[in-house]
Amino acid sequence: MAFDIDMIKGVYASMGERVDKARELVGKPLTLSEKILYSHLWDGTPTKNFTRGKDYVDFAPDRVACQDATAQMALLQFMHAGKPKAAVPTTVHCDHLIQAKVGAEADLKRANQTSNEVFDFLESVSNKYGIGFWKPGAGIIHQVVLENYAFPGGMMIGTDSHTVNAGGLGMVAIGVGGADAVDVMAGMAWELKFPKLIGVKLKGKLSGWTAPKDVILKVADILTVKGGTGAIIEYFGEGATSMSCTGKGTICNMGAEVGATTSTFGYDESMDRYLRATNRADVADAALAVKQHLTADPEVYANPGQYFDEVIEIDLNTLEPHLNGPFTPDLATPISKMGETAKANDWPLTVEVGLIGSCTNSSYEDISRAASLAKQVADKNLKTKSQFTITPGSEQVRYTIERDGFIDTFNNIGATVFANACGPCIGMWDRYGDKAADAPRNTIVHSFNRNFAKRADGNPNTLAFVGSPELVTAIAIAGRLDFNPITDKLLNEDGEEVMLDEPRGYELPPEGFAVEDAGYIAPKEDGSGVEVKVAPDSERLQLLAPFEPIKPESLKGMKLLIKAFGKCTTDHISMAGPWLRYRGHLDNIANNTLIGAVNAFNKKTNFVKNQLTGEYGGVPDTQREYKKAGIKTLVVGDHNYGEGSSREHAAMQPRHLGVAAVLVKSFARIHETNLKKQGMLALTFANESDYDLIQEDDTFNFLDIDQFAPEKPLTIEVVHANGSKDTIIANHSYNDAQIAWFKEGSALNLIKKENA
């Protein structure tokens, strides 16, 4: 029986009436995305036709999911909300704090020793506030959600950008910052700008070496890392219905890499099969009863151009396997072109490591297809040329693949099986010890979702390429980036030329899933007596103090902290890897603030001018000097600022240190919201070329902040060191409610005030 089945049945009970009313208001057939959005309005039955990309709308998500790195700050904030229990079903998953080094057993044991303080805190807070707790080793949040909580037609939010993985089961699942999660957990409405809609029609059917991963790698090529911003991507067509549920999850998962609000698929037989295989026949039966509401109206998919803001067509019959990278997930190369492209760019052809797994490619199907290739190493007398690692997505998957012999198959070719956790995908990989910064230039291939510089191993010289688990396995066997398994032969240990057979696998385990201990701990029915302990001298955890409102007078005489050059992701603003240990201690983790951002004036990282002394130093140290002097600062950035993870630390840390405003050419959606939630000014250049006006010694004066209002730009006077001045117009997307957050100091301050 499924978790929260009564809640799910409640969603379905009201869905028909709400969808019918929405169709009447909109005046035309509805996409799946619209059906889910309109059936989850905070006010219940729809009364208005919302304008895509313009109207802010209040929603009522069905559930919340948090991973351990972001859950710390989210729950520290929730403790201030004045609520005895989470208002909607909520779970915490311990998957980010387990470092990959030796292998599953040793790594998990070490994590339980080094991070026990954090795990104990999360378990106790969960117990107190009625939150389901998944202990370390239970699995990666998104795989566990897909296996246990996701349901067609539902809406959920999660404190991780890859929450969108649940779109593989027909949800609208959206990554958010912790403050957004606190809203929903406190029983309040959750606000989102009504998304635009991108339709992706999948023609044909996948076969041979081409996998679901290649679909999203191609979409990333078409849309780029910001082409999906502010939109939901909805997949449909014969290619979609012929694909497995977990394959759909892989595609939705990496939709975060094109900036999409989320991605989703209409309910079909593959979802029904997956629900029943994961012991949720009750959900499958309930979904079948309302299946017409769990996909788009037929007219939409027949004439998509009339209903979507943009339509993309991909022919799966001709789609090639792809490798995307390095350093960005949208640089796509078909495998047939990789040889010439790699040589033209001087990419190292020797592949040192191949890694499969992570939240996007850790299903039974993915691992079984990779295992079919691993088995050929012995059968064809080959030798694996690269190091090779596997990360199962959950304990249920791990237990089942061990029972079915796949782990033995991997062990036989010298592979390492890591713990059921994020590991290398988020930089929790002890590949070099403390020598990562000076490690040599090299190439790795993986089936993860992100490949920013230093993302996996901390080495700025590692070129990481993203591919399907099948292609990654084949390349690891060959040891070369330019190996095309469709056409190329390998020389075996007897000197014979052999070719790898096409990968084969199972959509679902033929003998069913199995697990002894899935890793779930249910909370107490009444947690009022549970004590949450945070040691006052802890370096890992720190109780939060409310942010003070930014006063208008402090927005005069502001200094430039840094003008970031080029790509500035949340990894640049608040690095992961070893810094994850401080995710529950705001002051300690603030010591990594913007240390990865490139200073536009000297092209160095973590090296900025302190205008008070004229000397250069680290960004956090310089900012602390400004804070000590009572001076607010401004950060300037380029396009898609804050791309990547949902981590709200990238907003909270600058706020804590005294940054008052961020002025950029454009924002990634989640980061812009996070800045707003923390009571900061998130602004964009009205004229992008004004970015070039900003000089290293600039002082800023906000001239009309007292007139801060929706759709009214702000005027900033820029005073240069020689006394000359420029005036910059800064746009913003604040509505009245968000301006109230700014005036109160943060959204949390407003929640606390309203619950007092």
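Residues are listed down the side, and each one gets a yes or a no for (1) open to solvent by less than 20 Å² (accessible area, probe 1.4 Å); (2) out of contact with any strand residue (DSSP E or B) (no Cβ under 8 Å at 6 or more places or on another chain):
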{"position": "Phe465", "(1), (2)": "yes, no"}
{"position": "Pro485", "(1), (2)": "yes, yes"}
{"position": "Asp488", "(1), (2)": "no, yes"}
{"position": "Glu502", "(1), (2)": "no, yes"}
{"position": "Gly519", "(1), (2)": "yes, no"}
{"position": "Gly527", "(1), (2)": "yes, yes"}
{"position": "Ser554", "(1), (2)": "no, no"}
### Task
Six or more apart or on different chains, Cβ under 7 Å: which pairs go from a residue in region 495-509 that's farther than 19 Å from Lys380 by Cα to one that's polar (S, T, N, Q) and open to solvent by less than 100 Å² (accessible area, probe 1.4 Å)? Could you list them?
Tyr506/Ser368; Glu507/Ser244; Pro509/Thr400
## Note on the structure
Condition set of a type in the set (D, E, K, R) and within 12 Å of Leu169 (Cβ to Cβ), scope region 242-300, selection surrounded by the most Cβ atoms within 10 Å (Cβ to Cβ): answer is Lys248
### Query
In region 407-431, what residues are assigned to a helix (DSSP H, G or I) and in contact with a Phe, Trp or Tyr (Cβ under 9 Å, 6 or more places away or on another chain)?
Phe410, Gly423, Pro424, Cys425, Ile426
## Note on the structure
Turns out the strands (runs of 3 or more DSSP E) fully within region 648-733 with at least 2 residues that are open to solvent by less than 20 Å² (accessible area, probe 1.4 Å), closer than 24 Å to Ala231 by Cα and out of contact with any Gly (no Cβ under 7 Å at 6 or more places or on another chain) are 681-685
### Query
Would it be correct to say that Val219 is of a type in the set (Val, Ile, Thr), part of a helix (DSSP H, G or I) and open to solvent by less than 10 Å² (accessible area, probe 1.4 Å)?
yes
### Qualifying helices (runs of 4 or more DSSP H) (wholly inside region 240-300; at least 3 residues being free of Cβ contacts under 8 Å to residues at least 24 places away in the same chain and farther than 19 Å from His40 by Cβ)
281-289
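Listed here are the residues, each with its yes/no results for (1) open to solvent by less than 10 Å² (accessible area, probe 1.4 Å); (2) closer than 19 Å to Thr264 by Cβ.
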| residue | (1), (2) |
| --- | --- |
| Ala2 | no, no |
| Tyr12 | no, yes |
| Thr31 | yes, yes |
| Thr45 | no, no |
| Val64 | yes, yes |
| Leu75 | yes, no |
| Lys101 | no, no |
### Query
Which residue, of Glu553, Glu531, is more than 28 Å from the chain's Cα centre (by Cα) and either closer than 23 Å to Gln611 by Cα or modelled with pLDDT of 95 or more (or both)?
Glu553
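Matching residues to (1) in contact with a Phe, Trp or Tyr (Cβ under 9 Å, 6 or more places away or on another chain); (2) open to solvent by 10 Å² or more (accessible area, probe 1.4 Å); (3) in contact (Cβ under 8 Å) with a residue 40 or more places away in the chain:
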site: Val57; (1), (2), (3): yes, no, yes
site: Gln72; (1), (2), (3): yes, no, yes
site: Met79; (1), (2), (3): yes, yes, yes
site: Thr90; (1), (2), (3): yes, no, yes
site: Asp107; (1), (2), (3): yes, no, yes
site: Glu117; (1), (2), (3): no, yes, yes
#### Entry: Leu748, sole failed condition from (1) hydrophobic (A, V, I, L, M, F, W, C); (2) open to solvent by less than 10 Å² (accessible area, probe 1.4 Å); (3) modelled with pLDDT under 95
(2)
### Query
Which one is farthest from Leu202 (Cα to Cα) among residues in region 222-238 that are within 16 Å of the chain's Cα centre (by Cα) and either charged (D, E, K, R) or surrounded by 24 or more Cβ atoms within 10 Å (Cβ to Cβ) (or both)?
Lys226
### Message
For region 586-610, give me each residue that is over 16 Å from Pro654 (Cβ atoms), touching a Ser or Thr at 6+ places or on another chain (Cβ under 8 Å) and in a loop (DSSP other than H, G, I, E, B).
### Response
Asn610
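The values are calculated or read from the model by the stated rules, or taken from the named source; none is laboratory data. Please read these numbers as outputs of a predicted model, since none were measured by experiment. Here Cβ is always computed from backbone atoms with ideal geometry, including for glycine, and neighbour counts include all displayed protein chains. For the accessible areas, the whole protein counts, side chains as well, though only heavy atoms, and no ligand, DNA or RNA atoms are used. Shrake-Rupley method; radii C 1.70, N 1.55, O 1.52, S 1.80 Å.
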